[in-house]
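The values are calculated or read from the model by the stated rules, or taken from the named source; none is laboratory data. On a predicted model such as this, the values are computed, not experimentally measured, just so you know. Neighbour counts are summed over all protein chains in view; Cβ atoms, including those assigned to glycine, are modelled from backbone coordinates with ideal geometry. Accessible surface is based on the protein model in full, side chains and every heavy atom, while ligands, DNA and RNA are left aside. Shrake-Rupley method; radii C 1.70, N 1.55, O 1.52, S 1.80 Å.
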Amino acid sequence: MKDSELIDSGVLTVFNSTYLVTKRNDLITARFIDMSYEELRLIDMLISLIQPKDIDFKPYVFHISDLMEFLGVDDTHKYTTIPKVTKRLMSDVIELKEKNKIIQVPFPWLSYAEYDKTTGIVTLKLNPVLKPYLLGLKNNFTRHKVFYSQILKKSKYSLRLYQILKRYEYEDNDPVIDLEELKHMLDTDYKEYKDFKRRILESSQKSINSKSDIIFK
């Protein structure tokens, strides 16, 4: 991405839709347990602000109105909804699969969040535990424009499936993913395939094919 744009006060003016979200592949295919659509979008926005040469995470400072616009939060709930989202981001868990093992790991995405109601300024900082997954990546990573985190609205499944499919975009062959493995990645427990197909696959397909830079069938 280009250098983040700043206004005179030093507050970031978000969001440039061309900024890139870059994550290590094992993070892309992990299961984000109970993460909401708003959490997924906010994390992608923060990741898109990382500079290519960064060796550490910086505190990012915003106007809360910008966060409201990006997350689609109503003005009357800005100081209740957004703090709830960031609070959850400090207590998340991810689940990784390694052969016959399932590993659940405490995975707080944020290490710090501050809200100044007088100025309407919000300061957020990513957790250092994320460094190996987000900084200095040379291979085995997936990248997409933060724009697609913003337009794939209303469904966390559409956004997560988009990210997973981008992971396989440049593979020589079409991806083959076990059904249960895909359910695991998407954090869903639909038992019947017909329900999973109708409520997640077909719904996500419609959104991704019409709004994103990839098409799947």
Margin query: Can you report the principal axis dimensions of the chain using only the alpha carbons, biggest first, rounded to whole angstrom?
Written below: 50, 39, 32
Next item on the list: Given the options ILE94, ILE200, ILE177, state which has the largest fluctuation in a GNM of the chain using a 10 Å cut-off (strictly under) for Cα springs.
Entry: ILE177
Check: Hey, if you put +1 on the Cβ of every Lys and Arg and -1 on every Asp and Glu Cβ in the stretch 31-104, which of ILE94, LEU67, THR80 ends up farthest toward the positive end of that dipole?
Finding: ILE94
Checklist line | Student exercise, the chain dipole from Lys, Arg, Asp, Glu Cβ charges, in Debye to nearest 20 | finding: 360
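Which of rounded, prolate, oblate describes the stretch 31-114, given a ≥ b ≥ c as roots of the alpha-carbon gyration tensor eigenvalues and a/c under 1.5 marking rounded, otherwise prolate only if a/b is larger than b/c?
Taking the square roots of the gyration eigenvalues as a ≥ b ≥ c, the stretch 31-114 is oblate.
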Next item on the list: Express the carbon and sulfur contribution to the solvent-accessible surface of the stretch 27-145 as a percent, rounded to the nearest whole number, probe 1.4 angstrom.
Entry: 51
Next item on the list: Return the single residue from TYR79, TYR115, TYR193 with maximal mean-square fluctuation; model: Gaussian network over the chain, springs between Cα atoms under 10 Å.
Entry: TYR193
Next item on the list: Can you tell me the 0 to 90 degree angle between the C-alpha axis of helix 78-88 and the longest principal axis of the chain, rounded to 10?
Entry: 50
Checklist line | Å² of accessible area per residue within the chain, as computed with a 1.4 Å probe and no ligands counted | finding: 55
Item checked: Spin-label zone in the stretch 94-116 - amide nitrogen under 20 Å from a point set 7 Å from the Cα of ASP34 along the C-beta vector -> 94-97, 102-112
Check: To the nearest 10 degrees, how steep is helix 37-48 against the longest Cα principal axis of the chain, on a 0 to 90 scale?
Finding: 70
Check: How far apart, in nm, are the 7 Å Cα→Cβ label points at ASN100 and LYS125?
Finding: 4.4
Next item on the list: Give the calculated FRET efficiency between THR118 and GLU171 to the nearest 0.05, with a Förster radius of 41 Å applied to their Cβ-Cβ distance.
Entry: 0.20
